[in-house]
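To keep things clear, I will list the structure first and then write my remarks on it.
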Amino acid sequence: MLNICRKFQLRGTVLSCQPYGSGHINATFLVHTDQADYILQRINHSIFQDVPALMNNIQRVTAFLARRDPDPRHSLHLVPTLKGGGWLEEEGEFYRVYDFITDSLCLNAPETPNDFYQSAVAFGSFQRALADFPAEELSETIPRFHDTPDRYRALHQAIREDALGRAASCGPEIRFALDHGADGAFLMEHLRAGRLPLRVTHNDTKLNNVMLDAQTRKALCVIDLDTVMPGLAANDFGDSIRFGANTGAEDERDLSQISLSLERYSAFAEGYLTACGQSLTPFEKETLPWGAKLMTLECGVRFLTDYLAGDTYFRIHRPGHNLDRARTQFALVRDMEAKWPEMNQIVQSLL
Ligand code: ADP
Ligand code: GN1
Ligand code: MG
């Protein structure tokens with residue numbers, strides 16, 4: 001990797017380049033030089049099939065955000081290659097480098113409701129800042145990314161093919177998913193009917209895709225922009241809830257640890273709605289709880305599909321990892337169903 005680092009315009013001499021972070025998709029490295037730190041990423045091009053289009057999206061969005069707010073810790077900054085390009089193509093792989101966001105924190109679980117509130121401020125501000133970005137100029141980096149009915153089609157196919165003979169071992173999970181199939185269409189139907197608008201959204205709003213200031217713990221910046229494309233605000237809200245308002249980890253094996261924290265849900269809803277300001281319609285706001293339920297259901301369906309298909313999409317660290325992940329998501333959906341009246345009341349009280 002040191003050879004790759006040297007092909008970018010880094011300040012100083014490279015001292016080390018080590019794997020970093022806990023993402024499921026790209027390979028991320030922390031690069032130390034004697035003058036600065038950087039993040040180097042090898043982009044997963046089997047998942048993102050048009051890397052130049054993806055990098056063009058990121059260049060456009062980061063330049064737009066930096067014009068709005070030039071503080072270097074408030075948006076991602078790409079480091080050019082020696083030849084002046086925004087990314088490097090080398091032996092069939094694609095690489096990019098970002099300035100490291102200094103004095104920052106990236107959390108896998110909120111330590112206080114305020115951490116989660118701050119992540120909501122980051123994603124809500126991101127939504128608002130991009131409200132007048134020309135969405136039609138962005139490529140769809142993964143077509144139908146949050147089209148839940150389409151994710152169901154992939155699940156049906158994986159069950160039919162049962163490539164590794166795993167379907168017999170996950171009957172209850174398959175049943176849970178299929179029993180919820182009708183719910184999966186709710187947001188897409190409103191989109192199709194013109195009742196929900198397409199926005200420029202992030203689409204992968206996990207807590208660990210936000211940087212907080214290490215001292216003040218206030219929101220600094222949104223990262224992981226590979227899936228920025230036209231989408232639904234409810235899905236951005238919902239994916240954050242799915243990950244950060246879960247009292248257990250995404251891959252927890254003890255399902256008694258899994259539940260929806262209404263305290264965190266409430267903190268996030270307040271931060272998100274405040275930061276979005278007037279940029280959402282009344283109906284969009286009302287559908288936010290649906291975003292939480294459907295992003296959790298959809299993610300469970302995706303993990304289960306990948307388990308059945310042989311773990312070809314999400315990086316796993318142990319056998320059965322994707323099935324464990326699917327189980328937490330379905331347990332969380334079940335708890336959301338039990339707390340559905342409160343989830344709606346909390347959003348209503350903030351309108
Ligand atoms: P993935 O798509 O695999 O999740 P991310 O872009 O989210 O990759 O990066 C993985 C991790 O690397 C993040 O969770 C964060 O901890 C760290 N990271 C990414 N970009 C930066 C940055 N510019 N400054 C500091 N840390 C970063
Ligand atoms: C992936 O890249 P990462 O780890 O932030 C995935 C998300 C899933 C998430 C589940 C491009 O996100 O859609 O919700 O894992 N990203 C892609 O943890 O598929
Ligand atoms: Mg990430």
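Per-residue 3J(HN,Hα) values for the stretch 184-199, derived from phi via the Karplus relation 6.51 cos²θ - 1.76 cosθ + 1.60 with θ = phi - 60°, read x, 8, 3, 6, 4, 5, 5, 5, 4, 7, x, 8, 10, x, 7, 10 Hz in sequence order (x marks Gly and Pro). Counting Lys and Arg as +1 and Asp and Glu as -1 over every other residue whose Cβ lies under 13 Å from the Cβ of Arg217, the net charge comes to -3. Amide H contacts for Leu220 (H built 1.01 Å from N in the peptide plane; partners 5 or more residues away or on another chain; cut-off under 5 Å): Met211, Leu212, Asp213.
In the structure shown, the pairs Lys83/Lys218; Lys206/Lys285; Lys218/Lys339; Lys83/Lys206 are assessed against 26 Å; a Cα-Cα span above that value is assigned to Lys83/Lys218; Lys218/Lys339; Lys83/Lys206. If you sort His24, His202 by accessible surface, 1.4 Å probe, largest first, the order is His24, His202.
For the stretch 75-144, state which trypsin sites (Lys or Arg not before Pro) are in a DSSP loop and have at most 15 other beta carbons lying within 10 Å of their beta carbon. Present the calculation step by step, with values, prior to reporting the outcome.
On the way: sites: Lys83, Arg96, Arg128, Arg144; in loops: Lys83, Arg144.
Counting only loop positions with at most 15 other Cβ atoms within 10 Å, the trypsin sites (Lys or Arg not before Pro) in the stretch 75-144 are Lys83, Arg144.
For the stretch 137-200, the solvent-accessible area with a 1.4 angstrom probe is 55 square angstrom per residue. Is the C-alpha gyration tensor of the stretch 162-237 telling us rounded, prolate or oblate? Criteria: a/c under 1.5 is rounded; beyond that, a/b larger than b/c is prolate, otherwise oblate. The shape class here is oblate. Remark: the Glu93-Ser22 segment gains 23.5 nm on full extension, using 0.36 nm per residue and subtracting the alpha carbon distance.
Rounded to the nearest 20, the size of the Cβ-charge dipole of the chain about its Cα centre is 180 debye, with Lys and Arg at +1 and Asp and Glu at -1. Rolling a 1.4 Å probe over the protein chains gives His317 an accessible area of about 130 Å². Here the contact order of the stretch 39-103, divided by its residue count and restricted to Cα pairs under 8 Å and six or more residues apart, works out to 42 percent. Rounded to the nearest Å, what's the spacing between the alpha carbon centres of the stretch 17-40 and the stretch 252-297? Just the number, please. The two parts, judged by their Cα centres, are 31 Å apart.
If you place +1 on the Cβ of every Lys and Arg and -1 on the Cβ of every Asp and Glu, how big does the dipole about the Cα centre of the stretch 94-222 come out, in debye to the nearest 20? Mind showing how you got there, number by number?
Details: 14 positive and 18 negative charges, 40 e Å.
Dipole about the Cα centre, nearest 20: 200 debye.
If exposed means no more than 11 neighbouring beta carbons inside 10 Å and the site is in a DSSP loop, what's the longest run of the chain without any exposed GluC sites (Glu not before Pro)? So the longest stretch without any such site is 112-351.
Counted by Cβ distance under 11 Å from Arg195, the other residues give a net charge of -2, where Lys and Arg count +1 and Asp and Glu count -1.
For the stretch 206-351, with every protein chain kept in place, what is the accessible area per residue (1.4 Å probe, Å²)? Don't skip to the end; give the middle numbers.
Numbers: 4910 Å² over 146 residues.
The answer is 34 Å² per residue.
For the chain, complete DSSP H runs whose alpha carbons reach 15 Å or more along their own long axis and whose mean Kyte-Doolittle score is -1.0 or higher are 51-68, 113-129, 233-244, 262-276, 288-309, 321-338. Note on Glu342 and Leu255: their simple-model spin labels are 2.0 nm apart, each label 7 Å out from Cα toward Cβ. The mean sequence distance of close C-alpha pairs (under 8 Å, at least 6 residues apart), as a share of the length of the chain, puts its relative contact order at 19 percent.
Provide the per residue accessible area, probe 1.4 Å, for the stretch 1-119, rounded to a whole number of square angstrom. Before the final figure, lay out the partial values.
On the way: 6080 Å² over 119 residues.
Per-residue value: 51 Å².
Carbon and sulfur: what percent of the chain's accessible surface (1.4 Å probe)? Before the final figure, lay out each step's value.
Values: 7520 of 15190 Å².
Solvent-exposed carbon and sulfur of the chain make up 50 percent of the total.
Here's the picture: charge each Lys and Arg Cβ at +1 and each Asp and Glu Cβ at -1 in the stretch 236-287, and of Gly248, Phe283, Phe268 the one pushed furthest to the positive end of that dipole is Phe283.
First check a/c for the stretch 83-144, with a ≥ b ≥ c the square roots of the eigenvalues of its C-alpha gyration tensor; if it is under 1.5, answer rounded, and if not, answer prolate when a/b is larger than b/c or oblate otherwise. Verdict is oblate for the stretch 83-144. Positive-end ranking of Leu196, Phe186, Ala129 along the dipole of the chain, with charges on Cβ about the Cα centre, is headed by Ala129.
His321 sits among other residues whose Cβ lies under 9 Å from its own Cβ, and their net charge, with Lys and Arg +1 and Asp and Glu -1, is 0.
The values are calculated or read from the model by the stated rules, or taken from the named source; none is laboratory data. Values in this document were obtained by computation on a predicted structure and should not be read as measured data. Neighbour counts are summed over all protein chains in view; Cβ atoms, including those assigned to glycine, are modelled from backbone coordinates with ideal geometry. Areas reflect the complete protein model, heavy atoms only, side chains present, ligands, DNA and RNA absent. Shrake-Rupley method; radii C 1.70, N 1.55, O 1.52, S 1.80 Å.
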